[in-house]
Amino acid sequence: MGNTNIGNSGGEFMVGQVFNSKANLQHAVKLYSISTHQEYVVVESTTKLLVLRCKKAKQSQYPWKLRAMVVKGITSFAINKYNGPHKCVNPCLNQDHQQVDSNLIAAHIQGMIKAQFTLSVAAIQASIVEKFGYQISYKKASKAKLKAFINLFGDFYKFYVELPHFFIALEQANLGCIVISKTFPGIMENTKIF
């Protein structure tokens, strides 16, 4: 995701740094958090404000905190308060990381999914270990794979629900056309076949 890095040096954030959108700022903070092996929590998040702090702020003598607000008149976000760099000691570097979430993983694997639809969950897990250095659960990798599919091709469940409306429109647009649709129970529970 692109951002405008005004005055950014060495990957560290600074007051006055501007990002094209709140989403770009959040993505940059996630990547920073992962690369420094630190975790944060969202204190406040609105359309005009984002406040984050270290997950261990109460236990640390150097509590990391970032506050950013929307720049008036545009959708860019600027950091207006920053207490960093993040200096907490994290003893568990090889376990899962809170900010390596299914949205970040989905963004990372979209190209892989597009190239190979049958990409296994184990391959996704291995890719995340290689890219970020963290083990992720099977469930998180599977959820990310579904999100990547939805981002690339749309939500299959929504398309399925819209099929009867499509059939009606098809009949109305083509006089004399009759569409007969039947559903059959699928092999797995809660699945149907047209």
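The figures follow:
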| quantity | calculated |
| --- | --- |
| Unmet criterion (only one of (1) modelled with pLDDT under 90; (2) not in a helix (DSSP H, G or I)) for ALA68 | (1) |
| Check on TYR82, surrounded by 11 or more Cβ atoms within 10 Å (Cβ to Cβ), in contact with a strand residue (DSSP E or B) (Cβ under 9 Å, 6 or more places away or on another chain) and farther than 30 Å from VAL43 by Cα | no |
| Criterion violated by PHE77 - all others in (1) within 27 Å of THR46 (Cα to Cα); (2) modelled with pLDDT of 90 or more; (3) not assigned by TED's automatic domain parsing to the domain that holds CYS54 satisfied | (3) |
| Filtered residue count, the range 80-129, keeping only those that are under 24 Å from MET14 (Cα atoms), at pLDDT 90 or above and of a type in the set (S, T, N, Q) | 1 |
| Any chance ILE109 is surrounded by 13 or more Cβ atoms within 10 Å (Cβ to Cβ) and more than 18 Å from LYS30 (Cβ to Cβ) | no |
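Okay, residues lined up against (1) farther than 20 Å from THR36 by Cα; (2) in contact (Cβ under 8 Å) with a residue 12 or more places away in the chain; (3) not in a helix (DSSP H, G or I):
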{"position": "ASP96", "(1), (2), (3)": "no, yes, yes"}
{"position": "ALA123", "(1), (2), (3)": "yes, no, no"}
{"position": "SER142", "(1), (2), (3)": "yes, yes, no"}
{"position": "LYS147", "(1), (2), (3)": "yes, yes, no"}
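The values are calculated or read from the model by the stated rules, or taken from the named source; none is laboratory data. Nothing here was measured: the structure is a model prediction, and the numbers come from that model. Note: ideal-geometry Cβ built from the backbone for every residue, glycine included; neighbour counts use all protein chains shown.
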